[in-house]
Structures are given as structure tokens and as C-alpha cells.
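Below: one structure, written as C-alpha cells.
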Amino acid sequence: MPVGTAGTVKAVPQDVLETLGAEIILGNTYHLYLRPGHELIRRMGGLHKFISWPRAMLTDSGGFQVFSLSALRKVTDEGVRFRSHLDGSSHFFTPEHSMDVQIALGADIAMAFDECTEYPADRNRAQESLRLTMAWARRSLDHFKAHREEVPWYGQPDRVPQVPILEPGNDAANFSSSGRTQSLFGIVQGGTYKDLRRESAERLVEMDFDGYAIGGLSVGEPREMTQEMIAEVLPLLPAGKPRYLMGVGYPDEIEQYARMGVDMMDCVLPTRAARHGLLFTSEGRLNIKARRYAEDETPPDPACCCMVCRRYSRAYLRHLMQCGEALSGTLNTIHNLAYYLGVMQRVRQSLHPEGDPVLANF
Ligand SMILES: [Zn+2]
């Protein structure tokens, strides 16, 4: 899932995302809550309509950004008090408030409010953090169930009725149509302790969420440990519901985890790296700022057939970057997203040569 922090996958217009084949994008609750505000987005008909995105969306709970961006956090059982990284204003997030904000935003998938346990965390710290996350999962679910019909597009035939962009036969726009509501996913935490991870997964499955995420990984731990935790948790999560690994990763990682059984992943890497001139290609990583590309007429990735590689040279992309041109971020990001989405397309194809059974339902 390309990450669309503040209602935009930075530098890339929505129609281009569609052309690239992005079926779902992410929005960040923390950023949208601060600017322009969830009540404004509710009045605008929800996030899909506001940003004109007829396909699926997911919002995170806001927790991760509260913990990583804001200053002066104070965590209690009730919730988290924090200061905005923008203007220092004071805010209080509880599981209930996170649900209210996410329901106002109206993405197809909302996430339970959790505490992302840092790495390294000793066992006592991981256990205490998990206790909080499990209590918040219960409160998130109860509040969500009581208020899910308040989503701005409830009862409407389409979330974005005036933008019929999808191909004939691809009915993804109706995914959340009339009478349907958002889905809520629970988040497995537990640090790097297998028994805590198992306990977390089992308790969430008992609560019966619409899907399950594995959080708190790819936060600095060695990659073998990431794999171990995923391998421990995946078999405990129902295969018939989406399993989402949060915040990963490099192209080879997303391929590996998808083959292990992960259905969804998100990462800022392809978009953020692109804006810094790092391109992912079939020949490995390429730093487009490097002097050796100054007169290189080949496309960024000769094996890629994205709209950037079909048209532009490495020399031109380097020039745009050198001059700080706005187009630089756009072109670099389009290629990286095409590369990432291409990796996932190949994985899906090799897992289901006869066609993806999930996408076939849309
Ligand atoms: Zn390309």
C-alpha cells in the first residue's frame, strides 16, 4: 500500500496512482486530525470524496505518529496526551477518540489504537506495553461497533459517485457501498518475545476483528528476528481474513513476507527514498544523484515499463534532482511505486497463476 500521509501520496496525483495499479492507499490519522481536521473531512463527505480516491483506503490509528513525532507525550491507561509537532498545542488521544477520528475520515479499513513497542524493550516493558495495547484493542472494538454507522458514506451507493474511473468489470468502488461500514483490524504487539506475540494474537482473534495486523516490527531489530516473529504469529491468525504486516520494507522483504502468507504491507520507503533520489530497480538500488549518470541515456530501470522508464533517461532524472525541480520527486516516486507494485503483482501471479481469488471478487 503506497503511503498517503496527509491525503496525498506525496508528489503523485490520484489518477497516476490508479494507472500504476494501486488498489489501496494509506492515510495517516495523526496528520489528518491535525490538518485539516477530521471534522472538516467528515463535512466534505469523508476522505475518499475529499481527495477524490474511489478505490480502497486504510487509516492507521494515529498511535505510531503520536509516539514517533509528537513532543511531551504522557501515556496513561486512559490514553495519550501529546503536543502537536506543528504548533505545540495539546491533544489527548484515547482508543475511543481514535475510532471517532477514523470513522469521520471514513477509510475502508480502520486500525485499533495501540502502542508500538519500541526496540529494544526488556520483557517487563514489552509485557506492560502489551497489556495496554490489548485493553485499548477491546475499547477500540467496542466503540467502533457502537458508532460504525456514523461513517460519512453510510448508506450511500458509492463513496465517490461523481468519479467513475474504474475499468468496466472492476467494481472496487462499490466495496463499501450501501449499508456496509468500515472494517476494523486489531494489531498484534509483544516486542520480540514469542510467547507475548502468541498471547497477543490469540486474544485478538478471540475478540474477532475483521482483519489482523502485526505491528511493532521493522523498528530496528535484526531481520532474522522480524522473520521469527512473523513466522510465530501468522499461523495463529485466521487465513480467511486479511493479515497485514505494518511498516515494511525493502522489495526483497515484501516478496519474502508475502510468500510467508502476509496479505498486506505498507511502507514509506518507495516514496520517501524516491524524493531523496534512491531508485529501486531490477539491477539493485540506484542513487540517481551520482555523477556517473550525468550523461547516461538509459532509462532508470531498463527492465521496467513504467511511464517514467518508457520516456526519460537517468541523465534527465539526475538533472531534475540537481536543480531541485518539483518534477524530480514526482518521476522518481512514480518509478519506485511501479517497481514495488510490480513486485507484488509478480508474487500474486506466482501464488495464484489462475488469477487472484480475492481480487476476483471485486
Ligand atoms: Zn520505471
Q) In Å, what Rg and Dmax follow from the Cα atoms of the stretch 208-307? A) 16.9, 57
Q. Where both residues lie in the chain, what percent of DSSP beta bridges are antiparallel, nearest 5?
A. 35
Q. Does the stretch 20-85 come out rounded, prolate or oblate, given a ≥ b ≥ c as the square roots of the eigenvalues of its C-alpha gyration tensor, rounded meaning a/c under 1.5 and, failing that, prolate meaning a/b above b/c?
A. prolate
**Q.** Rounded to 10°, Cα long-axis angle of helix 326-351 versus longest principal axis of the chain
**A.** 70
Q) What does the charge count near Arg81 come to, summing +1 for each Lys or Arg and -1 for each Asp or Glu among other residues with Cβ under 11 Å from its Cβ? A) +2
Q. Accessible area per residue, 1.4 Å probe, Å², for the chain: what's the number?
A. 44
Q: Provide the net charge surrounding Pro242, with neighbours chosen by a C-beta distance below 12 Å and charges set as Lys +1, Arg +1, Asp -1, Glu -1.
A: -1
Q: Would you work out if the stretch 68-135 is rounded, prolate or oblate? Take a ≥ b ≥ c from the square roots of the eigenvalues of the alpha-carbon gyration tensor; rounded if a/c is under 1.5, else prolate when a/b is larger than b/c, oblate otherwise.
A: oblate
Q: Over the alpha-carbon set of the chain, work out the extent along each principal axis and list the three values in angstrom, largest first.
A: 59, 50, 48
Q: Provide the packing ranking of 10-20, 95-105, i.e. peptides ordered by the mean count of other C-beta atoms within 10 Å per residue, highest first.
A: 95-105, 10-20
Q | 0 to 90° range, to nearest 10: angle between helix 95-105 axis and the chain longest Cα axis | A | 40
Q.
When only alpha-carbon atoms are used, what values of Rg and Dmax, in angstrom, describe the stretch 42-170?
A. 17.1, 54
Q | Cα-based helix-to-principal-axis angle, 251-260 vs the chain, degrees rounded to 10 | A | 50
**Q.** Kirkwood Rh, Cα atoms: Rg over Rh of the stretch 288-356
**A.** 1.11
Q) Rounded to the nearest 500, what is the chain's calculated 222 nm mean residue ellipticity when only DSSP H runs of at least 4 contribute -39500 (n - 2.57) each, over all residues? A) -12000 deg cm²/dmol
Q. Here are some pairs, Lys145/Lys241; Lys49/Lys241; Lys74/Lys194; Lys10/Lys74; Lys10/Lys49; which of them have Cα atoms lying more than 25 Å apart in this structure?
A. Lys49/Lys241; Lys74/Lys194; Lys10/Lys74
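The values are calculated or read from the model by the stated rules, or taken from the named source; none is laboratory data. Since the model is a prediction, treat every value here as computed from it, not as a measurement. Here the Cβ is made from the backbone with ideal geometry for all residues, glycine too, and neighbour counts use every protein chain on show. Note: areas computed on protein heavy atoms with side chains; ligands, DNA, RNA excluded. Shrake-Rupley method; radii C 1.70, N 1.55, O 1.52, S 1.80 Å.
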